[in-house]
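Colleague: Have a look at the structure that comes next, please.
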């Protein structure tokens, strides 16, 4: 939580100082330009999207804000606003843009707004605060474009670092693992946003306000592609979640089992620093880990594979993997499901490192859920954990069991 | 190319004849009006950006990238230069067949010439300090003309080559690519502004900045298309796995989905709704898992309780998949697929028009497939017998419109019941992943490729499947 609080606090402080300074001692410089960009940013904030993987983004608003920070000339007139005015205008526009969201009852995603404001503040400070803007004003377009590209790249890096600081706290994951995930997510949409920002700044020198509506159309297409991508990703997940309940409906497993296993497994995987792609595979595998039971003629009592004989467990896992492999597109998931029944370490075999981490997680989490089920009793949880710890050296990966214990403790505290 | 009809060849010949003199005239009349360096750079950009993107699946984005360079030529090179540049599209490696390349290049030349005429008639010119906003209008008009000429020529050749009506071509593919075409085309103006010495003066490096968002959009689109394919296959496989529980329903869901789609196409349903209906067909019996297997496979008379359990399956199915948001209309189709027109169906006893369209289509498809497959209590009937039975029940149990649609669809498509291996999923099917390119002639000689997995739809490709 601390990262999130720090980012929001810093952004609010910066916005406050910027607004006060811009309002009283100096007044708004070139208000026409400021309002044009503010309107653009506010509209962009209105059209924010959720990226695949659940990240919040406002590509148009961010591109507009970056452009305002990097503006040198506007309609052949030299632009004179300073870095603090950039922050003030962007903060004002964000608030205006977020207002309709709040009215419509959608959460304002304050941390994402705060992070974006800080990143823009960074870009403005580097470009306008150091006199770099005056330096490149007389130079040729190629040099100006290069300087802007460098600043944009640095800004994206800062943005990713801030996002990681926030998420490391909320997701309980190691900072560098989250940073890697954030940076990877940033590469695609971030470079589109950044280059659009630089383009608007460059083109506005000649086109003036016209640069804004003209540049927004291509970025809208980019945004549209991402939205469709995010939608199909969400649909896939929802569908697998829904279809994973077939074993419950068919009486093979307890109700809610696969959902609980997948949630806990993802929490454990996060804590162990898995990448976004691996986490998605883990979630799919966890949801479908019992699908092999559909091939059984008689359901196992209570659906608890933990009480089945090891050979049977492995057979069910193999059957499930066969089904998943038939999709032809989920081979990694199939492998994870296949190896979920294998012990972490076999006697006299040393470390069996070939078992994927995701399989080890599912094995432990599945056993835990088979023992606890829907129960929220503390005693039952502790008993189950104790039983897993006893099997730790051979059956279960100690790291996984440790992370799981932490995740369970957290959720117990919350409930 | 033996499959290309004569009238299509004639049309291509006419377009080529109109196009051929244009570049010659342009070079002779206008060689001093444009910079050779700019022309070569733009030509490289055009070929590279089009070829890079047309390697994998072809769709609206691939043509769009080429149109950036083509449109930037208007202010940067002038009218003559634009026509000369259009010849570069002959080097875009989008098709192995000569006649298609000839057509594509010719139609691009014609469209470019038309756009240049409009641009300069409306007062367009090169980039200067006072270009804005006055340059936008001729530019947008030129873009619209280019898009229109291009679209008309391509639609006509598809129409002539495959007998698909112009309206279907428009609805199936072109309507969707127009947005991309216009949006990306506008980027041409921006590229010109950044490039031109009187503009931002960035020079050819501007292309990198300009193309970046386009490649990102392209990348996201590819991810989307791939995920869409993966999704489709996953749903099919899982449904097939579920069906292994009941020997008699193997492949049933898949076939109901296929038959529903046949019906929907026949009554002219919109493509996005067809896609949704397909999933509804696929998932319509998912709720049967909640019905004990012994009831499903029982051969004798069902008791009241057993029948009540069966009656619940549409509701159970809906409960299970309710959280899949995108299905939307499909929910109603699943929920009500056992309703009857006379109100005697279940679970709600809706009648007539109260029954959602999806449900009426699925009901017919469902009944047809169960009649033509072996069940525990009887052997399979022939398709003809089943259709006669459906027609007998039309009006009381089934919607006559849907029954008629299935009858007419099956005249064109051979129905294969039960022969379909459940787990063999060949090729990939994309519900909307493969959008035919606006700028390129479709591939009539490569055989009908619509829905590789669908043995029934090989006879007549519709606009959805006009490209590979």
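Colleague: Does any residue of the stretch A:99-109 turn out to be away from chain B (no Cβ under 14 Å) and under 16 Å from the mean Cα position of the chain (by Cα)?
Modeller: The answer is yes, given that some residue of the stretch A:99-109 is away from chain B (no Cβ under 14 Å) and under 16 Å from the mean Cα position of the chain (by Cα).
Colleague: Test residue A:188 against the stated conditions and say whether it is within 14 Å of another protein chain (Cβ to nearest Cβ), assigned to a helix (DSSP H, G or I) and within 16 Å of the chain's Cα centre (by Cα).
Modeller: In short, yes.
Colleague: Can you name the residue in the stretch A:224-239 that is under 29 Å from residue A:294 (Cβ atoms) and within 7 Å of chain B (Cβ to nearest Cβ) and is also surrounded by the most Cβ atoms within 10 Å (Cβ to Cβ) among such residues?
Modeller: Let us first name the residues in the stretch A:224-239 that are under 29 Å from residue A:294 (Cβ atoms), namely A:231-239.
Among the residues that remain, those that are also within 7 Å of chain B (Cβ to nearest Cβ) are: A:231-233, A:235-236, A:238-239.
On the way: A:231: 17, A:232: 24, A:233: 20, A:235: 19, A:236: 20, A:238: 17, A:239: 22.
Going through the qualifying residues, I end up with A:232.
Colleague: Looking at residue A:221, is it facing another protein chain (nearest Cβ under 9 Å), more than 25 Å from residue B:216 (Cβ to Cβ) and crowded, with 24+ Cβ neighbours inside 10 Å?
Modeller: Details: facing another protein chain (nearest Cβ under 9 Å): yes; more than 25 Å from residue B:216 (Cβ to Cβ): no; crowded, with 24+ Cβ neighbours inside 10 Å: yes.
No; evaluated as a whole, the condition is false for this residue.
Condition check ((1) assigned to a helix (DSSP H, G or I); (2) crowded, with 23+ Cβ neighbours inside 10 Å; (3) modelled with pLDDT of 90 or more) across all residues:
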| site | (1), (2), (3) |
| --- | --- |
| A:35 | yes, no, yes |
| A:85 | yes, yes, yes |
| A:90 | yes, yes, yes |
| A:102 | yes, no, no |
| A:108 | no, no, no |
| A:116 | yes, yes, yes |
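Colleague: Next up: Only one of these is touching a helix residue (DSSP H, G or I) at 6+ places or on another chain (Cβ under 7 Å) and under 28 Å from residue B:209 (Cβ atoms): B:166, B:160, B:76. Name it.
Modeller: Answer to the selection: B:76.
Colleague: While we're looking at this one, here's another question. Against the condition at pLDDT below 85, in a helix (DSSP H, G or I) and more than 7 Å from every other protein chain (Cβ to nearest Cβ), how does residue A:209 come out, does it pass?
Modeller: Against the criterion (at pLDDT below 85, in a helix (DSSP H, G or I) and more than 7 Å from every other protein chain (Cβ to nearest Cβ)), residue A:209 does not qualify.
Colleague: Among the numbered conditions (1) modelled with pLDDT under 80; (2) over 21 Å from the mean Cα position of the chain (by Cα), tell me where residue B:185 comes up short.
Modeller: Only one criterion in (1) modelled with pLDDT under 80; (2) over 21 Å from the mean Cα position of the chain (by Cα) is unmet by residue B:185, namely (1).
Colleague: Within the set of pairs 6 or more residues apart or between chains, which connect a residue that is at positive phi inside the stretch A:371-399 to a residue that is surrounded by fewer than 18 Cβ atoms within 10 Å (Cβ to Cβ) and in a helix (DSSP H, G or I) with Cβ atoms less than 9 Å apart?
Modeller: Close Cβ pairs (under 9 Å, with a partner that is surrounded by fewer than 18 Cβ atoms within 10 Å (Cβ to Cβ) and in a helix (DSSP H, G or I)) amount to A:373/A:302; A:373/A:380.
Colleague: Let me ask another. List the helices (runs of 4 or more DSSP H) that sit entirely inside the stretch B:304-390 and contain at least 3 residues that are at pLDDT 85 or above.
Modeller: B:329-335, B:357-371
Colleague: Could you tell me whether residue B:170 is outside any loop (DSSP other than H, G, I, E, B), out of contact with any strand residue (DSSP E or B) (no Cβ under 6 Å at 6 or more places or on another chain) and more than 12 Å from chain A (Cβ to nearest Cβ)?
Modeller: Taking the combined requirement at face value, the residue satisfies it.
Colleague: Condition check: crowded, with 19+ Cβ neighbours inside 10 Å, at pLDDT 90 or above, under 25 Å from residue B:12 (Cβ atoms) and under 29 Å from the mean Cα position of the chain (by Cα). Does residue B:162 satisfy that? Talk me through it step by step, then tell me what you get.
Modeller: Values: crowded, with 19+ Cβ neighbours inside 10 Å: yes; at pLDDT 90 or above: no; under 25 Å from residue B:12 (Cβ atoms): yes; under 29 Å from the mean Cα position of the chain (by Cα): yes.
When the stated conditions are applied, residue B:162 does not pass them.
Colleague: Could you look through the stretch A:43-83, keep only residues that are within 14 Å of chain B (Cβ to nearest Cβ), under 22 Å from residue A:27 (Cβ atoms) and touching a residue at least 60 places away in the same chain (Cβ under 8 Å), and pick out the one that is farthest from the chain's Cα centre (by Cα)?
Modeller: Per the stated criteria, the residue is A:75.
Colleague: Within the stretch A:341-354, track down each residue that is surrounded by fewer than 21 Cβ atoms within 10 Å (Cβ to Cβ) and at pLDDT 80 or above. If you could, list the steps in order and put the result at the bottom.
Modeller: Taking the stretch A:341-354 first, the residues surrounded by fewer than 21 Cβ atoms within 10 Å (Cβ to Cβ) are A:342-343, A:345-354.
Those that are surrounded by fewer than 21 Cβ atoms within 10 Å (Cβ to Cβ) and at pLDDT 80 or above: A:342, A:343.
Colleague: Now, a different point. Can you give me the number of residues within the stretch A:242-274 that are surrounded by fewer than 20 Cβ atoms within 10 Å (Cβ to Cβ) and out of contact with any helix residue (DSSP H, G or I) (no Cβ under 6 Å at 6 or more places or on another chain)?
Modeller: 4
Colleague: Could you please give the count of residues in the stretch B:262-286 that are away from chain A (no Cβ under 14 Å), in a helix (DSSP H, G or I) and in contact (Cβ under 8 Å) with a residue 40 or more places away in the chain?
Modeller: Total satisfying the criteria: 9.
Colleague: Quick one: which residue in A:126, A:147, A:136 is over 24 Å from residue A:60 (Cα atoms) and crowded, with 16+ Cβ neighbours inside 10 Å? Before the answer, list the steps.
Modeller: On the way: A:126 fails: over 24 Å from residue A:60 (Cα atoms); A:147 fails: over 24 Å from residue A:60 (Cα atoms).
Of the residues listed, the single one that is over 24 Å from residue A:60 (Cα atoms) and crowded, with 16+ Cβ neighbours inside 10 Å is A:136.
Colleague: Taking the stretch B:98-137 on its own, how many of its residues are within 14 Å of chain A (Cβ to nearest Cβ) and either crowded, with 24+ Cβ neighbours inside 10 Å or in a helix (DSSP H, G or I) (or both)? Give the derivation first.
Modeller: Keep residues of the stretch B:98-137 that are within 14 Å of chain A (Cβ to nearest Cβ), which gives B:126-137.
Now restrict to residues that are either crowded, with 24+ Cβ neighbours inside 10 Å or in a helix (DSSP H, G or I) (or both): B:135-137.
Counting residues in the stretch B:98-137 that are within 14 Å of chain A (Cβ to nearest Cβ) and either crowded, with 24+ Cβ neighbours inside 10 Å or in a helix (DSSP H, G or I) (or both) gives 3.
Colleague: Out of A:153, A:168, A:149, A:145, I need the residue that is in a helix (DSSP H, G or I) and away from every other protein chain (no Cβ under 14 Å). Which one? Outline the logic, then answer.
Modeller: Values: A:153 fails: away from every other protein chain (no Cβ under 14 Å); A:149 fails: away from every other protein chain (no Cβ under 14 Å); A:145 fails: away from every other protein chain (no Cβ under 14 Å).
Step by step, each of A:153, A:168, A:149, A:145 is checked, and only A:168 is in a helix (DSSP H, G or I) and away from every other protein chain (no Cβ under 14 Å).
Colleague: Let me ask something else. Looking only at the stretch B:207-249, how many residues end up being free of Cβ contacts under 8 Å to residues at least 24 places away in the same chain, within 7 Å of chain A (Cβ to nearest Cβ) and under 25 Å from residue A:139 (Cβ atoms)?
Modeller: Number of matching residues: 3.
Colleague: Further, regarding this structure: Name the residue that is nearest to the chain's Cα centre (by Cα), counting only residues in the stretch B:196-206 that are assigned to a helix (DSSP H, G or I) and facing chain A (nearest Cβ under 9 Å). I'd like the intermediate steps shown before the answer.
Modeller: Taking the stretch B:196-206 first, the residues assigned to a helix (DSSP H, G or I) are B:203-206.
Checking the rest, the ones that are also facing chain A (nearest Cβ under 9 Å) come to B:203, B:205-206.
Values: B:203: 38, B:205: 35, B:206: 33 Å.
Among those residues, the one meeting the criterion is B:206.
Colleague: I'd like to check something: does the stretch A:234-243 contain any residue that is closer than 20 Å to residue A:363 by Cα and in a helix (DSSP H, G or I)? Spell out how you get there, then give the answer.
Modeller: Just the residues of the stretch A:234-243 that are closer than 20 Å to residue A:363 by Cα, to begin with: A:240-241.
Pick out the ones that are also in a helix (DSSP H, G or I) and you get A:240-241.
Yes; the residues of the stretch A:234-243 include at least one that is closer than 20 Å to residue A:363 by Cα and in a helix (DSSP H, G or I).
The values are calculated or read from the model by the stated rules, or taken from the named source; none is laboratory data. Computed from a predicted structure; not experimentally measured. We place every Cβ from the backbone using ideal geometry, glycine too, and count neighbours over all the protein chains shown.
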